[in-house]
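Here's the structure we're looking at; comments come further down.
Throughout, read-outs are computed from the coordinates displayed, never taken from laboratory work. Predicted model, so just to flag it, every value in this text is computed and none were measured. All Cβ positions, glycine included, derive from the backbone under ideal geometry; neighbour counts span all protein chains shown.
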Amino acid sequence: MYDFLRYKLVPPVFIVVFTGLVQILSLFGRGDDLTARSVASGFLGNVESWTIVTVFSLWAFVWLKIPGPTTKGPESPTGYVPIYSDNGLTYYFVTLLLMIALDLLSPLGLSSRLYELMPQLLGSLDILAMVLCLYLFLSPSDDPVTDQGLPSIYIFYRGVNFHPRIFGVDVKQLTNCRIGLMAWQLLVWAFFFNSVERNGFSMAAFTTFALQTVYLAKFFYWEGGYFHTIDIILDRAGYYICWGCLVWVPCFYTFTSYYLVHHPPIVGPIGATLILAVGIMSIYLNYEVDSQKQLFRSTNGNCLIWGKPAQYLTVFYTDHNGGKQRSLLLTSGYWGIARHLNYDFELVLTLCWCLPGAGLGLPPFFYFIFLFCLLVHRVFRDEEKCSWKYGLFWDKYCEIVRYRMIPYVF
Ligand SMILES: NC(=O)C1=CN([C@@H]2O[C@H](COP(=O)(O)OP(=O)(O)OC[C@H]3O[C@@H](n4cnc5c(N)ncnc54)[C@H](OP(=O)(O)O)[C@@H]3O)[C@@H](O)[C@H]2O)C=CC1
Ligand SMILES: CC(C)CCC[C@@H](C)[C@H]1CC[C@H]2C3=CC=C4C[C@@H](O)CC[C@]4(C)[C@H]3CC[C@]12C
């Protein structure tokens, strides 16, 4: 029953539901009529949306081809060590400043066009993402044995390879970081700009925009750390990750900002400022948890955690060649409080950029609800992976760090 759900039912249902939802949300978010005709109208995009998507994707691609510093990711189960371009922060600032300059100095009206064209932009991104996923699905697998017997639709959804490259560029760095997350940033800027034009300046709309901007700037600062996360180690490049970052992120992750353009916030400036302060604090704490693990792993445990030598558990696992490998699991600092404390702060910071929409019903909180489900599910996915990798060592680690997310509760 579980196998039927996981391999045969969930992939096609998710593909149909999520792909359709994107068009519905883009109309619903700005109060347009939801008829079959209007929903279908954005699916193919139009000349303008295709131009924007093509120029932006090429821009992102070219930045990954610029010679410069690189960073290594962890070795994949097939023994491959991916190399990534390390110019994320420069790319982020140049792209964002270019967009702001275009808005303020040129008559293009780029931000207003982005808002008006949302259904068509998502239609173009959708087609681009589907073509990419099909290409990835048809590419030869570097580990064909593990795919035997799995339904094709599941492989399309999950992906075939961990680190495919196109024209020498790592696909996940292109789709996740450089297109998906940068599009997220440009769109929340565009929606904030639209909300000021339509409704005047509001501290609440600014809070939603500012928190996402700080969060995304932090992401590009920490991009090298992202290559050590589940998206890169555990997930292959397929519909889930690539379509997700190319289409779902620009559509859904930006939804609160999008919604606030047509539905002016009612939260006052004092409330919004308080939310902003808590949000910034949570972004900082989320970053601290992630970078504590990064420091610990990069120094092989020889570092100070909260001013004291790191405490850890030495664990062993068998690699893809059958060789015995050693790893370390941190048991002090944030990582001694709960096994996924970074998710707690992620949820609080997310709630903070949704809260400026309080009083406008459930839609401003859609992202928070989605993320809550995604992260709880991710806790179990990650623990299944770690338990499989480390076996009894993982059980021992769970005895030392007993709680998943909230001490004494979960
Ligand atoms: N906004 C969004 O949509 C989402 C945001 N995020 C954010 O992304 C960031 C990365 O999260 P994510 O990749 O999910 O998970 P983690 O960064 O927590 O990575 C989990 C991995 O870290 C290693 N690990 C686990 N415990 C320890 C320990 N005690 N000491 C050392 N290493 C350990 C294990 O890998 P190994 O095999 O190396 O031992 C484990 O598989 C977080 O900030 C999270 O909040 C995450 C998901 C969704
Ligand atoms: C297709 C859909 C059913 C689901 C798609 C989900 C993906 C778009 C997201 C799954 C995990 C997400 C992320 C993980 C970690 C991140 C680090 C953080 O600092 C920034 C955000 C992100 C890259 C985030 C992006 C969306 C996912 C890949």
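Derived scalar couplings between HN and Hα for the range 13-25 equal 5, 4, 4, 5, 5, 5, 5, x, 4, 4, 5, 4, 4 Hz in order, rounded to whole Hz, by the Karplus curve 6.51 cos²θ - 1.76 cosθ + 1.60 (θ = phi - 60°), x for Gly and Pro. For Ile166, the residues whose modelled amide H falls within less than 5 Å of its own, excluding neighbours fewer than 5 places apart on the same chain, are Val171.
Is there a pair in Lys72/Lys385; Lys72/Lys308; Lys172/Lys396 whose C-alpha atoms are over 31 Å apart, and which pairs would that be? Please list the in-between numbers first.
On the way: Lys72/Lys385 22 Å; Lys72/Lys308 29 Å; Lys172/Lys396 33 Å.
Exceeds cut-off: Lys172/Lys396.
Using the Cα centre as the reference, give the magnitude of the dipole from point charges on the C-beta atoms of the range 266-410 (Lys, Arg: +1; Asp, Glu: -1; all else neutral), rounded to the nearest 20 debye. Its charge dipole is roughly 380 debye. Sites listed here are chymotrypsin sites (Phe, Trp or Tyr not before Pro) in the range 272-314 whose DSSP assignment is loop and whose Cβ has at most 16 other Cβ atoms within 10 Å: Trp306. A dipole drawn for the range 266-410 from +1 and -1 charges on Cβ atoms has a positive end, and of Pro309, Gly359, Ile280 the residue lying farthest that way is Pro309. Note on the range 1-123: with charges restricted to the Cβ of Lys and Arg (+1) and Asp and Glu (-1), its dipole about the Cα centre is near 200 debye. Roughly how far apart, in whole Å, are the Cα centres of the range 7-82 and the range 161-200? Between the Cα centre of the range 7-82 and that of the range 161-200, the gap is 9 Å. Relative to the Cα centre, the charge distribution of the range 1-263, modelled as +1 at Lys and Arg Cβ and -1 at Asp and Glu Cβ, gives a dipole magnitude of about 60 debye. Put simply, the C-alpha atoms of the range 337-410 give a gyration tensor, and the ellipsoid matching it has half-axes of 31, 12, 7 Å, longest first. Can you classify the range 68-151 as rounded, prolate or oblate using the Cα gyration tensor, where a ≥ b ≥ c are the square roots of its eigenvalues, rounded means a/c under 1.5, and otherwise it's prolate if a/b beats b/c and oblate if not? Note, shape of the range 68-151 comes out oblate.
Using the Karplus relation 6.51 cos²θ - 1.76 cosθ + 1.60 with θ = phi - 60°, the per-residue 3J(HN,Hα) values for the range 330-343 come to 5, 10, 10, x, 4, 6, x, 7, 7, 7, 9, 5, 4, 5 Hz, with x marking Gly and Pro. Computed over Cα pairs, the Kirkwood radius of the range 4-117 leads via Stokes-Einstein (0.692 mPa s, 37 °C) to a diffusion coefficient of 180 µm² per second.
Each of Tyr80, Thr146, Pro107 was scored by the projection of its Cα onto the charge dipole of the range 58-146, and the greatest displacement toward the positive side belongs to Pro107; charges sit on the C-beta of Lys, Arg, Asp and Glu.
What does the convex hull of the alpha-carbon atoms of the range 266-410 project to on average, in nm²? Walk me through the numbers on the way to the answer.
Numbers: hull surface 41.8 nm².
The directionally averaged projection comes out at 10.4 nm².
So if each residue of separation counts as 0.36 nm, and I subtract the Cα-Cα distance between Leu392 and Asp33, what length gain in nm does that give? Extra length available between Leu392 and Asp33 comes to 123.6 nm. Within the range 65-114, the chymotrypsin sites (Phe, Trp or Tyr not before Pro) that combine a DSSP coil assignment with at most 14 other C-beta atoms in a 10 angstrom radius are Tyr80. Taking the helices alone, the chain has a mean residue ellipticity at 222 nm of -18000 deg cm²/dmol, built from -39,500 (n - 2.57) per DSSP H run of at least 4 residues and averaged over all its residues. Going 7 Å from the Cα of Thr331 toward and past its Cβ, which residues in the range 366-405 have a backbone nitrogen under 15 Å from where you end up? Of the residues in the range 366-405, 392-403 have backbone N under 15 Å from the label point off Thr331.
Considering only Val247, Ser26, Ile369, the residue lying farthest towards the positive end of the dipole of the chain is Ile369, judged by Cα position with unit charges set on Cβ. A convex hull fitted around the alpha carbon atoms of the chain yields 163 Å³ per residue. GNM on the chain, alpha-carbon springs under 10 angstrom: the most fluctuating residue among His163, His340, His320 is His320.
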